[in-house]
Structure formats: C-alpha cells, structure tokens
Amino acid sequence: MTQGRRRPGGDVNGNVANYRSQDSKSKRRGPVVFSEPQKLHKMLADMGLGSRRELEDWIVAGRISVNSLPAHVGQRVGPEDKVRVNGKLIHIHFAQRAPRVLIYHKPEGEIVSRDDPDGRPSVFDKLPKVGGGRWIAVGRLDFNTTGLLVFTTSGELANKLMHPSYELEREYAVRLLGELTPEQAKQLVDGIELEDGLAKFNSLTDGGGEGVNHWYHVTLSEGRNREVRRMFEAIGLTVSRLTRVRYGPFDLPKSLPRGKVQELKTEEVTRLMTLMSGKDKQPRKAEQGQGGKPKGGRPPVAEGDAPAAPKRSRRRGPRKPGGENGNAQAAPRPQAAEGEAPARKRAPRRRRRPGWAKPAAGGGEA
C-alpha cells in the first residue's frame, strides 16, 4: 500500500479528512459532478481521495461502506447510495438526470387512467416499468379515440406541455358521417358556443375520401373534454373515427403500431427541454392585458386622443387661504346632521426638524 503524506495534526490511518494522496493535486478544486453511476474506487479517486489502487486496498480492508454495508471491488454507486470512508459520509455530486419521455399509439378500448371502476384496460398496462418514479400522461384521449399519447416522468415537463398558456397545438384526423358544407366549415373556424364556452378550430382542411369515409384534419390549441366530437355534433354531424396525429412538437410515427411505445433518446429529451425553456421567456397571454400591455399598466392612447393628465403627488405644504392669488374660495365643510357625531378634526402637522438639528438622546438612524 502506497504511503500518503501526513497533514499537520492528522494521521494516514485516521479520518479520511486528514489524508491527502500523493496523486491528489495540491491546489483547491471544486466538487466533481458525475453524470451516471460509477465504479466506487474510480469515483473516489476522481474526487481526490487517493489513487485507484489505494482505494481498492481500502475497500478490501473494509474501510469503505455503501449503504451501511461493506463495499466490494468493482461495485457501482449512484446518487441514491450513501458512501462512507472510515465512517465519514462522503458527499458525491451527481448531475440531475434528464426525465424520460415516450410516445404511445393508443388503440380503441383503453382508458387513460390507473383506476377504473368498470375494470377496463388501461394505457398504463402497456408502459415499461419506472424505477423510483411513475409515468404521467400528458393530456387524455377518450375511450374510443385513438392516436398519439405522450408520457413523461417529470411533473414539471408534463405541466408545461398541458398548460393553456403554452398553447401547444393538437392535430386530429376526423372521419365524419355526413357531408361538411363550406358554411359549416367556416362556422367551426369562427367559433361555436358550447355549454362550457366558445370553441373553435385553428384550421380545418379536407383530408380526402368519399361518402362515409371522408376525412378532415383539424387543429386546436386546447384540450377540453370531447371537444372535437361536441363541436361537430353542434352542427349536426357525427364523428365516426377520431385519431390524434400530433401534439405540439410530437408527431405520431407511421411505423409505430397500435398498442406500442417508443421512448425518446436523451438528446431528443434535451432538445425538448430547451424548447420548453425558450417558451418560458415569452410573456404569457394570461398575464397580459389589452394591447399586449401587462395587467395593471396604463391602456395605450389611441391616435388623435389627448394623453391622460399625469397623476399629481400629494401636497405636503400648508394650504393657502381661499381666494388668494386668484384661486377660487374653498367650499365650506358640510355640517353634521342633527343626531350625528361631529367629524373628527385632523391633528396639526408636526413641523419637521431641520437636517442640522441634533437627534434626541437614545435615538437611532431612521
């Protein structure tokens, strides 16, 4: 075993805080951050606690433990493990892992819920297991609706993908029973009043087909319950098939069979996080007033209107008597009616002490 150098007041075989390896640098260095689980002796060596050979000897000697159990050579540790050297807890810094994101091609006859009183099949039954977490569905699809579903292990990312302020566009392929007239199509784009408010499509295009197999593609920026079906029902048409083909930046791959999942790669998740972070910097419509101004600000002045007079500050000096310098005489104060208590008189204003005046004893700064 290679001998280390003694520090003042320390011992090589004592606490690890008093030990410095010959291979460790003398200059001060910041914490080492690991991006994934590492071999124990290699990780401790990178942190400057000794050489790899020295730390292997320490592991064999029983001086290193992982989760209160003796470590073994070649053991890997992650951010959830507690490593102690000579009984001292070592703080290991791991970079935060990117969340997992996957897309699922939902077939008909599955519910987007973990708990169903009727015992119907759930989309969560088809998803891979997650260690130390759970899958969160980004939005929902009806029992008879097929198409793209997005899942993630990050609650923050799921909230951003679903929140109305981000206005992520959804695209659906719709098959109708009946013919859609140009007047009805214009009505759907202009807006239809439903029981829960006004609803409209961002776009509506003809997808081709004839008779009962006529398809249309519609887009909208919200996800209310059965919104697409209810909008067509409001104009007297029935939706026979409904498939979601896009959700924001996600497209349903043509090669993904129904009932199958496809997980995004780490670099794809990183690009997604960057995209959503970029949307954070833009002001949200919910926080803006008319004219794009923040709520609480002054409304914009229309062309040709006179600007509003500036708000006067409160006057602090004594009031001048009425009529002086051509000013109108002040109106007399109203007298109290019979039976009412008289109005309280305002206490006289205290004169300010000049700046050169000496403060009273015991006073401090204002």
Please turn the phi angles of region 110-126 into ³J(HN,Hα) values with the Karplus equation 6.51 cos²θ - 1.76 cosθ + 1.60 (θ = phi - 60°), one per residue in order, whole Hz, x for glycine and proline. 10, 9, 8, 6, 7, 10, 9, x, 7, x, 6, x, 10, 5, 6, 5, 8
Go through 125-133, 218-226, 103-111 and give me the packing order, highest mean Cβ count within 10 Å leading. 103-111, 218-226, 125-133
Taking amide H positions as placed in the peptide plane 1.01 Å from N, state which residues far from LEU141 in sequence (5 or more) or on other chains have amide H under 5 Å from it. VAL112
How many Å² of accessible area per residue for region 116-257, probe 1.4 Å? 51 Å²
Extension gain from ALA234 to THR274, taking 0.36 nm per residue of separation minus the Cα-Cα distance: 10.4 nm
Carbon and sulfur atoms account, in whole percent of the 1.4 Å probe accessible area of region 120-185, for 48 percent
Per-residue ³J(HN,Hα) for region 269-279, Karplus 6.51 cos²θ - 1.76 cosθ + 1.60, θ = phi - 60°, Hz, x for Gly and Pro: 5, 4, 5, 5, 4, 5, 4, 5, 5, x, 6
Carbon plus sulfur fraction of accessible area for region 212-263, probe 1.4 Å, in percent: 48 percent
Top to bottom by accessible area (1.4 Å), largest first, where do PHE94, PHE250 land? PHE94, PHE250
Sorting ILE192, ILE136 on solvent-accessible surface, 1.4 Å probe, most exposed first, gives ILE136, ILE192
Pair GLU195, ARG224: separation of 7 Å Cα→Cβ label points (nm): 1.2 nm
Would you mind checking LYS39/LYS82; LYS129/LYS160; LYS160/LYS265 for any pair whose Cα atoms are more than 25 angstrom apart? none
Mind giving me the FRET efficiency for ALA95 and LYS126? R0 is 22 Å, r the Cβ-Cβ distance, nearest 0.05 is fine. 0.10
Once amide hydrogens are built 1.01 Å from N within the peptide plane, the residues lying 5 or more places from LYS82 or on another chain with amide H under 5 Å from its amide H are ASN67
Could you please put THR274, THR181 in sequence from largest to smallest accessible area, using a 1.4 Å probe? THR274, THR181
Full-extension gain between HIS163 and ASP115, please, as 0.36 nm times their residue separation minus the C-alpha to C-alpha distance. 14.9 nm
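The values are calculated or read from the model by the stated rules, or taken from the named source; none is laboratory data. Owing to the predicted nature of the structure, the values given are computational and were not obtained by experimental measurement. Heads up, the Cβs are rebuilt from the backbone with ideal geometry, glycines too, and the neighbour counts pull from every protein chain shown. These accessible areas exclude ligands, DNA and RNA; they are computed on the full protein's heavy atoms, side chains included. Shrake-Rupley method; radii C 1.70, N 1.55, O 1.52, S 1.80 Å.
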